[in-house]
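We did not get these values from a lab; they are worked out from the coordinates using the rules stated. Here the structure is a predicted model, which is why all the values come from computation and not from measurement. Cβ placement follows ideal geometry from the backbone for every residue including glycine, while neighbour counts extend to all protein chains displayed.
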Amino acid sequence: MKIYTLHKKQKLPISVDQAWEFLSSPKNLKTITPEYMGFHILSGADKPMFPGQIIQYIVTPVLGIKTKWVTEITHVKDKEYFVDEQRYGPYALWHHKHFINKIEGGVEMEDIIDYKIPMGILGQIVHPILVKPKLEEIFNYRQKKLRSLFGEYK
């Protein structure tokens, strides 16, 4: 069983309060997800984030194939971090930690995603060809979108 990790950091010239307000709202996921992914929230995003919250989405990650994705917010520490875990969806495992750290002149946001591809050896073969590049593309898009929304950290 191979577990992969994607680790991204980004600095933004905003306050912890601003970062938390934006990132902890599930409704803002659509804003920072590439349009071609057809991201649509089905349910669960109508309240501020809390442990135990279940959020259901539809995404179209590859080849126009619509996929239902259900995540649970498992941990929340106000203005510091939250964790979402896939309960149903395209991955055999998805554990995504979001951290917000105050730095001089802004915040540093950190994402650590531990994930496992289904389909055993076939999944491991497809990972470097399709899955890893797609995840990199999605998180690079997020970083670019957040810079366009909040400005460049200097």
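Place a label point 7 angstrom from the Cα of Thr31 along the Cα-to-Cβ direction, then list the residues of region 54-91 whose backbone nitrogen is under 16 Å away.
The answer is none.
With the contact rule set at Cα under 8 Å and sequence spacing of 6 or more, what percent relative contact order holds for the chain?
RCO, the chain: 28 percent.
Would you mind checking the tilt of helix 132-150 against the longest principal axis of the Cα atoms of the chain, expressed as 0 to 90 degrees and rounded to 10?
Computed tilt is about 20 degrees.
Between region 59-114 and region 3-18, how many Å separate their Cα centres?
11
State which entries of Lys11/Lys97; Lys8/Lys47; Lys30/Lys116; Lys9/Lys144 exceed 19 angstrom in Cα-Cα distance in the structure shown.
Working: Lys11/Lys97 16 Å; Lys8/Lys47 27 Å; Lys30/Lys116 24 Å; Lys9/Lys144 12 Å.
Exceeds cut-off: Lys8/Lys47; Lys30/Lys116.
Would you mind counting up the charge near Glu80? Only other residues with Cβ under 13 Å from its Cβ, with Lys and Arg at +1 and Asp and Glu at -1.
0
Only helical DSSP H runs with n ≥ 4 go in: add -39500 (n - 2.57) per run for the chain, normalise by residue count and round the 222 nm mean residue ellipticity to 500 deg cm²/dmol.
So the helix-based figure for the chain works out to -6500 deg cm²/dmol.
If a paramagnetic tag sat 7 Å from the Cα of Ile112 along the Cα-Cβ line, which residues of region 83-100 would have the backbone N under 19 Å from that point?
83-86, 93-100
Describe numerically, in nm with one decimal, the distance between label points set 7 Å from Cα along Cα→Cβ at Asn101 and at Ile121.
Rounded to a tenth, the inter-label distance reads 4.1 nm.
Report the Cα-based extents of region 1-93 along its three principal axes, largest first, to the nearest Å.
38, 31, 27
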